[in-house]
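Comments concern the structure below.
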Amino acid sequence: MENKNTTGKAAGKKTLVEIQNLKQYFAVAGSLFQKRYVKAVDDVSFHIEEGETLGLVGESGCGKTTTGRSMLRLYEPTSGKILYEGKDITKVDMLPYRRKMQIVFQDPYASLNPRMTVGDIVGEPIDIHKLADSKNDRLDKIITMLERVGLNSEHANRYPHEFSGGQRQRVGIARALAVNPEFIVCDEPVSALDVSIQAQIVNMFEQLQEEMGLTYLFIAHDLSVVKHISRRIGVMYLGKLVEIADSYELAFHHVHPYTKSLISAIPIPDPVVSREKKRIVLEGDVPSPLNPPSGCRFRTRCAYATDICAENEPELRQVGNGHFVACHHI
Amino acid sequence: MSKILLDIQDLRLSFFTPAGEVKALNDVSIRMNEGDVLGIVGESGSGKSVTAYSIMGLTAHPGRIIGGTIDFNGHRIDRMTEKEMRKIRGNEVSIIFQDPMTSLNPVYTIGDQIREVLFLHTNLDKKQAQHRATELLKLVGLNDPEKRLKQYPHELSGGMRQRVMIAIALACEPKLLIADEPTTALDVTIQAQIMELMIELKKKLNMSIIMITHDLGIVASMCRKIVVMYAGKVVEKGTVEEIFYNPKHEYTKGLLKSIPKLNATEREKLVPIPGTPVDMLNPPPGCPFAPRCEKCMKICIRSMPEFTQISDTHASACWLLQKEAAQALKGGNSIGK
Ligand SMILES: Nc1ncnc2c1ncn2[C@@H]1O[C@H](COP(=O)(O)OP(=O)(O)OP(=O)(O)O)[C@@H](O)[C@H]1O
Ligand SMILES: Nc1ncnc2c1ncn2[C@@H]1O[C@H](COP(=O)(O)OP(=O)(O)OP(=O)(O)O)[C@@H](O)[C@H]1O
Ligand code: SF4
Ligand SMILES: [Mg+2]
Ligand SMILES: [Mg+2]
């Protein structure tokens, strides 16, 4: 298989995780003879350098969560490859990698077991990976983690319902950190939080990255938050990566018609800027992933679409330093 | 001068729960003129939805209004019976909720649900109602309205359902449309469509809008006036420019500093507001923001500050402002730290 090195690796930087032509299809009920598939992730490739944050944005259902979960092999990929430190881990036993690769979920209310104390929630992965030599060592580790995320030893004996949303998200992060991971998929980790609490958690992610050399895939639908925390950003539409670039390049010099409309639709929290901003209001809704449009998947809502957009699928092409776009008309 | 459409004065509303009294609204005063687009922003649990429901006369058990008045379009909402309220609700004031799926009835077609509202509030016959329903769906930009009328909610996308909700809310051309987080469940490109639609309809139908949201971007681009709530209290109100460019309450200031801006050309450090939200069962006796406020003084913990008027349109309830005002008057420091 052709190895499309699509996301422009910089020389001298070490790639930690990479996906190549990753496809993740889900079978859904269809007729007896014809299985139908949701092509949740369809031929997506990118890499993430050690210590960097790659942001992933796009509308609901475009495949962000599926991409993140497939990278951790929480699903078995339909095809394509996942590489970790250059090693193909698509088919290997994941146990040793589970420790290195962790996930933080969106919903701090649903993702913590209500019957476990916070201490045990954080301690569970330590037990699974047998990382503690003794009971005392285990407790030490738990308290260290709680302190890392701005909680303290007193919190260890309490239950999730006694905490606010922001505090619960801290518990979820402490749990992910407990096994000393290298790579964390952060799946909408601040979306359910109040604006005033979001900044606390975003800053904490940044600080932990600095202290522990962590690498993040940061998934969110709020592009302002993603731009703030990420070095590079990828934009997905209906299972495809349509544009990827340095965060500032993407925020100010995006070229894909979808990215343009996405960014123009974001209301800016500044009355004057916001009023002067030109919106490209997209017509119509996102098509069903069961039956995506032929050619470019965005063509049904794209103002620039021509015949070729319906016939051929555009490939990711480089348009600038580390800036890649999939569109026929760029 | 524009006419006052809504005047809420010193509204107090509590939920009497087994765990204790939740003072959801504490002396809330909000006034809006005809034609205004008013944004209500604030932390989760600060009382935005409860305020909206009280205007609709929808305060449900164990909630009770225990003080204050709600004057809307010549009606004393706080004193009305459910029967009287039914004539106004959906007719003079309508609400659209965050989640269109829970507020549309899954077993009735879109057409049934629009016609029901029309039959309740107008004298239209069947044929006229059908015509009006088609017109309404066209108004909210749904293509193929005849077909849509025969469809069930689950056959529509989230954005389409929200348009239907707006169509139902607008069926009787209300004077006031309350939108409680109407786009939170939607993608930004769909959100942009809905916001555009609301502003366009406001102009066309000459109505007023209350926009409840936690998204400061939405208020900045849609609203002319803003009310900032924290823990059941209004802490600041003003025009959109006053709130964004000259915030006076420490919570408002903190809120604005804690959001990343998409148009920032340099990496900014986010300045979070420390601490956790208020426990509404045990609210602080003074300023509700005191436990998280970095400039908190002794008096802030003890008692709630009055509003200081900064301009005709701008007011904020913070002891720092009272102190400044007192200093300006007496040339001395009257409220010690
Ligand atoms: N386990 C599954 N079985 C079947 N379909 C699935 C499954 N998981 C996801 N999908 C479908 O795959 C597509 C991508 O879903 P995914 O959750 O990855 O989107 P997302 O970008 O994370 O969206 P959101 O912003 O709403 O979280 C959707 O159409 C979804 O319905
Ligand atoms: N039925 C109820 N019983 C008890 N308390 C209630 C009830 N409904 C609301 N409350 C309380 O009233 C307060 C205000 O709630 P409200 O729903 O108005 O908040 P909000 O500002 O709309 O928050 P959000 O941004 O999360 O929607 C909260 O503390 C809430 O817990
Ligand atoms: S390939 Fe065609 S349809 Fe797709 S984004 Fe580009 S112009 Fe639009
Ligand atoms: Mg997701
Ligand atoms: Mg609410």
Residue-ordered couplings for the stretch A:268-273, obtained by feeding phi - 60° into the Karplus form 6.51 cos²θ - 1.76 cosθ + 1.60 and rounding to whole Hz (Gly and Pro as x), are 8, x, 7, x, 5, 4
Could you tell me which of A:LEU139, A:GLN102, A:GLY68 has its Cα farthest along the dipole of the stretch A:1-140 towards the positive end, charges placed at Cβ (Lys, Arg +1; Asp, Glu -1), taken about the Cα centre?
A:GLY68
A:LEU95/B:GLN151 FRET efficiency (R0 60 Å; Cβ-Cβ; nearest 0.05):
0.75
If one compares the long axis through the Cα atoms of helix B:319-330 with the longest principal axis of the Cα atoms of chain B, the angle in degrees, nearest 10, works out at 50
Treat every Asp and Glu Cβ in chain A as -1 and every Lys and Arg Cβ as +1, leave all other atoms uncharged, and give the resulting dipole magnitude about the Cα centre to the nearest 20 debye.
520
Say we join alpha carbon atoms closer than 10 Å with springs in a Gaussian network model of chain A; which of A:VAL195, A:VAL273, A:VAL149 then has the biggest fluctuation?
A:VAL273
Relative to the longest principal Cα axis of chain B, at what angle does helix B:188-205 sit, 0 to 90 degrees, rounded to 10?
80
Sorted by Cβ neighbour density within 10 Å, fewest at the top, the residues B:GLU146, A:GLU182
B:GLU146, A:GLU182
Helix-derived mean residue ellipticity, 222 nm - over chain A, DSSP H n ≥ 4, -39500 (n - 2.57), to 500
-9000 deg cm²/dmol
Stretch gain in nm, segment B:GLU241-B:VAL107, where the contour uses 0.36 nm per residue and the Cα spacing is subtracted
43.7 nm
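Suppose a student asked you for the relative contact order of the stretch A:67-140, using Cα pairs under 8 Å spaced at least 6 residues apart; what percent would you report?
Working: 29 pairs, mean separation 12.4, N = 74.
Once normalised by length, the contact order is 17 percent.
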Name the residue, out of B:ALA192, B:ALA317, B:ALA133, whose mean-square fluctuation peaks in a Gaussian network model built on chain B with Cα pairs under 10 Å.
B:ALA192
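Ignoring everything except DSSP H segments at least 4 long, calculate the 222 nm mean residue ellipticity for chain B; use -39,500 (n - 2.57) per segment, divide by total residues, nearest 500.
Details: 13 runs with 120 residues, N = 337.
When only DSSP H runs of four or more count, the value is -10000 deg cm²/dmol.
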Viscosity 0.890 mPa s, temperature 25 °C, Stokes-Einstein D of the protein assembly as shown from Kirkwood C-alpha radius, µm²/s:
90
From the phi angles alone, apply the Karplus equation (6.51, -1.76, 1.60; θ = phi - 60°) to the stretch B:237-253 and give each ³J(HN,Hα) in whole Hz, x where the residue is Gly or Pro.
9, x, 6, 4, 5, 4, 5, 7, 9, 9, x, 10, 8, 4, 5, 4, 4
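Quick one: A:LYS240, A:LYS100, A:LYS278, fewest Cβ neighbours within 10 Å first, how do they rank?
Working: A:LYS240 24, A:LYS100 18, A:LYS278 5.
Ascending Cβ contact count within 10 Å gives the list A:LYS278, A:LYS100, A:LYS240.
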Could you list which residues have their amide H under 5 Å from that of B:ILE178, counting only those 5 or more apart in sequence or on another chain, with H placed in the peptide plane?
B:SER94, B:ILE95, B:ILE96, B:ILE210
Residue order, fewest to most beta carbons within 10 Å, for B:HIS131, B:HIS61
B:HIS61, B:HIS131
Taking the Cα centre of the protein assembly as shown as the origin, how large is its charge dipole in debye, to the nearest 20, when only Lys and Arg (+1) and Asp and Glu (-1) carry charge on their Cβ atoms?
620
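Between A:SER134 and A:GLU85, take the C-beta separation as r, use R0 = 45 Å, and let me know the FRET efficiency to the nearest 0.05. Intermediate results must be reported in sequence, preceding the final value.
Details: r = 31 Å, r/R0 = 0.69.
Computed FRET efficiency for A:SER134 and A:GLU85 comes out at 0.90.
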Which of A:GLN207, A:HIS228, A:PHE218 sits closest to the plus end of the dipole of the stretch A:207-251, meaning its Cα is farthest towards the positive end, when Lys and Arg get +1 and Asp and Glu get -1 on the C-beta?
A:PHE218
³J(HN,Hα) computed for each position of the stretch A:140-152 - Karplus, 6.51 cos²θ - 1.76 cosθ + 1.60, integer Hz, glycine/proline x:
4, 4, 4, 5, 4, 5, 4, 5, 4, 9, x, 10, 9
Those trypsin sites (Lys or Arg not before Pro) in the stretch B:1-66 that DSSP places in a loop and that have at most 14 other beta carbons within 10 Å:
B:LYS3
Of all GluC sites (Glu not before Pro) in the stretch A:282-330, which ones are in loop regions per DSSP and have a Cβ with at most 11 other Cβ atoms within 10 Å?
none
Simple spin-label estimate for A:GLU50 and B:GLN327 in nanometres, 7 Å along Cα-Cβ:
5.4
Using the alpha-carbon atoms, what tilt in degrees (0 to 90, nearest 10) does helix B:158-170 show relative to the longest principal axis of chain B?
90
Fully extended contour minus Cα-Cα distance, from B:LEU205 to B:ASN33, at 0.36 nm per residue:
60.4 nm
Just need the relative contact order of chain B here, percent rounded to a whole number, with Cα pairs under 8 Å and 6+ apart.
18
Looking only at B:PRO291, B:PRO18, B:PRO247, which one moves most when chain B is put into a Gaussian network model with springs between Cα atoms under 10 Å?
B:PRO18
Tally the DSSP beta bridges in the protein assembly as shown and give the antiparallel ones as a percent, rounded to 5.
60
Quote the relative contact order of the stretch B:23-169 in percent (integer), defining contacts as alpha-carbon pairs under 8 Å separated by 6+ residues.
21
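Give the calculated FRET efficiency between A:GLU154 and A:SER191 to the nearest 0.05, with a Förster radius of 25 Å applied to their Cβ-Cβ distance. Could you put the intermediate results ahead of the total?
Working: r = 28 Å, r/R0 = 1.13.
According to the calculation, E is roughly 0.35.
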About its Cα centre, how strong a charge dipole does chain B have in debye, to the nearest 20, once Lys and Arg get +1 and Asp and Glu get -1 at the Cβ?
320
Show the residues, 5+ positions off or on another chain, whose built amide H is closer than 5 Å to the amide H of B:GLY67.
B:ARG12
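Every number here is computed from the coordinates shown, using simple stated rules; none is lab data. Source: prediction; values computed, not measured. Cβ: placed from backbone, ideal geometry, glycine included. Neighbour counts: every protein chain shown.
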